[in-house]
1. With outside the structural domain of residue 22 (by TED's automatic domain parsing) and more than 28 Å from residue 28 (Cβ to Cβ) as the only criterion, which of 192, 152 stands out?
2. For region 121-146, which residues satisfy the criterion of being part of a loop (DSSP other than H, G, I, E, B) and touching a helix residue (DSSP H, G or I) at 6+ places or on another chain (Cβ under 9 Å)?
3. Being under 29 Å from residue 182 (Cα atoms), out of contact with any strand residue (DSSP E or B) (no Cβ under 7 Å at 6 or more places or on another chain), outside the structural domain of residue 16 (by TED's automatic domain parsing) and outside any loop (DSSP other than H, G, I, E, B) narrows it down to one residue among 118, 88; which is it?
4. Is it the case, given these coordinates, that residue 72 is in a helix (DSSP H, G or I), in contact with a helix residue (DSSP H, G or I) (Cβ under 8 Å, 6 or more places away or on another chain), crowded, with 16+ Cβ neighbours inside 10 Å and touching a residue at least 40 places away in the same chain (Cβ under 8 Å)?
5. Within region 107-127, identify whether any single residue is under 14 Å from residue 169 (Cα atoms) and under 9 Å from the mean Cα position of the chain (by Cα), and answer yes or no.
6. Surrounded by fewer than 16 Cβ atoms within 10 Å (Cβ to Cβ), in contact (Cβ under 8 Å) with a residue 12 or more places away in the chain, assigned by TED's automatic domain parsing to the domain that holds residue 118 and more than 17 Å from residue 106 (Cα to Cα): does that describe residue 163?
7. Quick one: residue 186 ticks every box in (1) closer than 22 Å to residue 11 by Cα; (2) surrounded by 13 or more Cβ atoms within 10 Å (Cβ to Cβ); (3) touching a residue at least 60 places away in the same chain (Cβ under 8 Å) bar one, so which box is it?
8. Taking into account only those residues within region 1-51 that are crowded, with 21+ Cβ neighbours inside 10 Å and without any contact (Cβ under 8 Å) to a residue 24 or more places away in the chain, which is nearest to residue 106 (Cα to Cα)?
């Protein structure tokens, strides 16, 4: 799963229409440059590729508000919306992925209904527990990792990752069940993008 695709689609979706620099500015505002490969080149490449794939519609005639050359603005297509939600669901439920995929999904989860997010996170816990059980067929934590040589450290890491990941996910489930956050169809949607011309307090200057 490409975290960049999910992040870029999320930014365009919140704007309605957005050009590349807006998307880059938003992802930097979200801190995505710190925990993902969200760099200008990868963002512009993703926009162009998804336009070719029919996920975004490219408006080639948008004038620059700064008086520069005309620029391309992108708008989500129906297929793009379907793909965005599919990527979001996949990232919430999967345990065996890079951290940037889950981070991206957590930032977008309120675009889904509360009940669906709870179901997806519950499935994520189930898969982590299933994975842990599979590891325990070859490794007994009580024996310690050294019994299997240095590779035992890898299995010990897997078990601890499954335990901490499942515990954290259960905590998130409890917070959502208690009414935390505003999910789809519950009220005004969360808007976390910068308005045109709004200064980004986290800009790196690159």
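The values are calculated or read from the model by the stated rules, or taken from the named source; none is laboratory data. Remember, predicted model here, so these are calculated numbers, not experimental data. Cβ atoms come from the backbone with ideal geometry, glycine included; neighbour counts cover every protein chain shown.
1. 152
2. Result: 136, 138, 139, 140, 144.
3. Answer to the check: 118.
4. Judged against the criteria, residue 72 is not a match.
5. Checking region 107-127: at least one residue is under 14 Å from residue 169 (Cα atoms) and under 9 Å from the mean Cα position of the chain (by Cα).
6. Working: surrounded by fewer than 16 Cβ atoms within 10 Å (Cβ to Cβ): yes; in contact (Cβ under 8 Å) with a residue 12 or more places away in the chain: yes; assigned by TED's automatic domain parsing to the domain that holds residue 118: yes; more than 17 Å from residue 106 (Cα to Cα): yes.
Answer is yes for this residue.
7. All conditions pass for residue 186, except number (2).
8. 27
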